[in-house]
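The values are calculated or read from the model by the stated rules, or taken from the named source; none is laboratory data. Given the structure is predicted, the values throughout are model-derived calculations rather than measurements. Here the Cβ positions follow ideal geometry from the backbone for every residue, glycine too, while neighbour counts run over all protein chains shown.
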Amino acid sequence: MLEFFRSSAVRVALAFVFVTVVATTAVFGLVYLQIRAANETRNRVILEDEAAKSVNLSVDELRYAFDLRLTHDLRRLDYAALFSADRKVMFGNIDELPAIPLDGKSHFVAASPLPGDKRLEPAVFVARTRPDGTIMLLGRSLLETLAFRRIAQNALTTGLAPMLLLALAIGAFFARRASRRLTAIHDTIAQIMKGDTHLRLPVRSRHDAIDKISRDVNLMLDEITRLLVQIKGVSDNIAHDLRSPLAVVHAQLERGLESSDDEELRSVTRQALAHIDRAMLTVAALLRLADVEYGPKSSKFRPIDLSAICTDLFEFYEPLATSKSIAMTLETKSPVQIVGDGDLMREAVSNLIGNAIKFTPENGKVSVSVAQEDGRPVVRVRDNGIGVEPGERDKIFQRFYRTASGHRVPGSGLGLSIAAAIANLHDFDLRFDDNAPGAVFEMVGRRK
Amino acid sequence: MTRTISTRARTILLVEDESELANEIKIELERLGYLVRTASIAEAADVARVGDAAMLIMDRMVFGEDSLKTLEVLRREGVKVPVLVISALSSIDEKVRGLKAGGDDYLAKPFAMTELAARIEALLRRLDDVRTTKLRVGDLEMDLIEQTVHRGDSKIDLLPREFKLLEYFLRHPGQVITRAMLLQDVWQYHFSLETNVVDVHISNLRKKIDARGFPSLITNIRGAGFMLNADA
């Protein structure tokens with residue numbers, strides 16, 4: 001949930017809601033203010049006009065006119081009264097002269113008692129001294145205006161709540177949609193980082209900002225992949241170019257060995273040959289790896305039986321295990337059919353079994369099992385040997401990585417990389433698991 | 001006349017554009033008593049057509065040209081000379097293509113000269129006679145029909161794979177057999193190993209076929225592989 005509110009999409013949605021609310025309130029407020037201003041202007045004009053017209057009437061005429069106004073023309077005047085020069089009310093519906101200048105101009109009075117009512121309401125008054133010294137007061141209540149304001153406020157609150165909800169819903173919808181797309185992008189990037197460099201970010205045909213960035217990232221990934229292949233190509237080329245010189249040096253050393261009787265020289269030559277042999281092994285393994293990883297996908301994919309392959313390899317390796325007093329067992333029940341390159345699969349499993357025997361001390365155990373688990377083909381090679389230190393577990397599939405404890409055992413350090421590449425080619429995962437003590441390597445089909 | 005035939009029997013045509021490697025191959029093979037002629041792919045094809053070579057060694061790519069095409073043409077013409085393809089391409093697919101095109105064996109670079117020499121000898125002395133029913137070295141006899149092995153009067157029980165292993169040695173007596181050849185031809189494994197599992201198989205076989213008090217029939221050849229003593 002916290003994650004949800006942290007997402008930029010949700011923030012945008014909330015900002016959207018806020019802006020909507022402010023804008024709506026402002027519109028309502030503006031309409032209200034304009035109507036009120038118009039209302040006030042009208043009040044003022046009426047009052048001032050009325051006061052000006054009435055100023056020269058006689059007291060009796062005025063009394064009559066006031067009665068008429070107050071009883072028949074409620075729309076125009078709410079207050080009318082005549083005060084004597086000493087400000088005592090003579091007649092009218094208001095008892096006290098409000099504290100306003102007697103200038104015939106309208107003035108706002110915040111609270112004045114309504115006729116026949118105890119409530120105090122805002123009103124507009126005009127007071128004017130008549131030629132006979134009496135003071136005429138006309139006024140209009142602002143109750144109507146207030147009522148209108150209340151209506152406006154009600155409209156605002158009743159209208160705002162649903163709108164707020166709607167805005168929130170729309171915001172959440174877009175946020176969810178955007179975050180779903182971001183999640184998809186995030187997941188894809190995670191997979192790319194795990195090594196599926198052929199994957200690309202999803203791009204839809206909407207041409208929005210996310211699509212634009214996705215497209216840019218995809219272009220960048222293309223470029224990175226191209227550079228990566230180029231770099232690997234360079235290292236493969238180096239390996240490639242080393243083949244002939246290595247073969248030549250090897251041949252020359254062999255020749256030197258044949259033709260010399262100097263025992264010291266022969267011993268040195270033999271050591272050099274052993275080193276060249278190791279270099280040739282590594283170069284061959286490196287090129288083999290390049291072949292599997294980047295070579296054209298093998299044209300020899302056909303139905304093969306993993307059980308048969310493992311049984312064959314088990315028989316091949318058993319004498320080696322026996323010579324080290326390692327108890328080797330095989331567990332297969334029925335054929336496990338997959339579509340693949342039998343030669344490559346044999347190579348991968350051979351690397352796993354060879355490794356297991358290599359890293360298991362005398363009197364240890366190595367077991368090979370082939371099965372269909374949850375509909376997925378699984379080949380598992382388990383040993384109780386030296387295993388892999390926790391800190392090294394994520395490195396063992398890297399090219400040339402050799403564990404600290406495995407350094408004394410000869411090998412190119414590419415066996416597991418080749419096995420992993422072959423597994424990947426067949427849509428299998430090669431995984432390590434701790435056998436406490438020892439190691440479990442399993443090749444598991446990704447698809448059922 | 002006799003001389004011509006024996007010369008032909010020892011003549012190897014070498015098609016390899018990397019001159020230094022070609023030179024090393026030439027020196028090594030001449031040391032072993034072969035006559036080596038380096039040639040372009042076209043020259044080699046012409047010599048092969050008139051039957052003047054015991055075998056061909058050809059690089060898969062010579063000056064950017066795929067020599068397998070020429071090989072295919074030669075095979076279509078019915079030229080049967082043994083051909084060893086050497087190549088910088090090591091994938092099994094490439095190996096298969098090389099053999100399909102008519103190569104008799106395929107060796108990926110880098111290789112040791114001992115490996116090359118062993119392959120050449122195996123090709124030149126190949127027993128093509130499939131009608132052979134019995135193989136014999138000294139008092140060791142293998143009956144291919146009965147699938148039995150006897151040493152003198154006593155029967156030797158072998159596992160199926162041990163039988164095949166021994167058969168391979170009996171078919172190449174007195175020749176250097178490398179571990180790679182055994183992996184490829186006995187087990188049909190087209191990859192290299194980082195364990196000495198082949199040696200263990202050989203030592204198990206020795207325990208079964210060797211007679212007490214006599215030197216082993218199969219000897220180790222240092223830095224190369226094994227050899228069945230033909231005159232045991």
Select from the stretch B:10-42 the residues that are away from every other protein chain (no Cβ under 11 Å), touching a residue at least 40 places away in the same chain (Cβ under 8 Å) and not charged (D, E, K, R) and list them in ascending order.
B:THR11, B:ILE12, B:LEU13, B:LEU14, B:VAL15, B:TYR34
List every residue pair whose Cβ atoms sit under 7 Å apart, with the two residues 6 or more apart in sequence or on different chains, where the first one lies in the stretch A:176-205 and is over 22 Å from A:LEU425 (Cα atoms) and the second, anywhere, is modelled with pLDDT under 80 and not hydroxyl-bearing (Ser, Thr, Tyr).
A:ALA178/A:ALA9; A:SER179/A:ALA9
Among the residues of the stretch B:96-106 satisfying the criterion of being in a helix (DSSP H, G or I) and farther than 21 Å from B:ALA22 by Cα, which is modelled with the lowest pLDDT?
B:VAL96
Enumeration of residues in the stretch B:78-97 that are within 14 Å of chain A (Cβ to nearest Cβ) and either free of Cβ contacts under 8 Å to residues at least 60 places away in the same chain or within 19 Å of B:VAL36 (Cα to Cα) (or both)
B:ILE86, B:SER87, B:ALA88, B:LEU89, B:SER90, B:SER91, B:ASP93, B:GLU94, B:VAL96, B:ARG97
Which numbered condition in (1) touching an Asp or Glu at 6+ places or on another chain (Cβ under 8 Å); (2) buried (at least 21 other Cβ atoms within 10 Å of the Cβ); (3) farther than 16 Å from B:ILE12 by Cα is the only one that B:THR70 fails?
(1)
Which listed residue, of A:LEU265, A:LEU273, A:LEU306, A:LEU289, is exposed (fewer than 15 other Cβ atoms within 10 Å of the Cβ) and either more than 10 Å from chain B (Cβ to nearest Cβ) or closer than 30 Å to A:SER417 by Cα (or both)
A:LEU265
Examine the stretch B:192-214 for a residue that is within 30 Å of A:LEU344 (Cβ to Cβ), assigned to a loop (DSSP other than H, G, I, E, B), modelled with pLDDT of 90 or more and within 12 Å of another protein chain (Cβ to nearest Cβ), and state whether such a residue exists.
no
When you scan the stretch A:100-181 for strands (runs of 3 or more DSSP E) that lie fully inside it, which ones turn up with 1 or more residues that are surrounded by fewer than 16 Cβ atoms within 10 Å (Cβ to Cβ) and in the same structural domain as A:ASN43 (by TED's automatic domain parsing)?
A:103-113, A:120-129
Which count do you get for residues in the stretch B:17-61 that are under 22 Å from A:ASP241 (Cβ atoms) and in a loop (DSSP other than H, G, I, E, B)?
3
The residue from A:VAL229, A:VAL248, A:VAL234 that alone is part of a helix (DSSP H, G or I), aliphatic (A, V, I, L, M) and facing another protein chain (nearest Cβ under 9 Å) is A:VAL248
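When you look at A:THR197, is it in a helix (DSSP H, G or I) and more than 14 Å from every other protein chain (Cβ to nearest Cβ), yes or no?
Against the criterion (in a helix (DSSP H, G or I) and more than 14 Å from every other protein chain (Cβ to nearest Cβ)), A:THR197 does not qualify.
Being closer than 16 Å to A:ALA423 by Cα, within 9 Å of chain B (Cβ to nearest Cβ) and among the aliphatic types (A, V, I, L, M) is true for just one of A:LEU352, A:LEU344, A:LEU320. Which residue is that?
A:LEU344
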Pairs needed: first member in the stretch A:260-277, closer than 18 Å to B:ALA112 by Cα; second member anywhere, of a type in the set (S, T, N, Q); C-beta distance under 6 Å; at least 6 residues apart or different chains.
A:ARG266/A:SER260
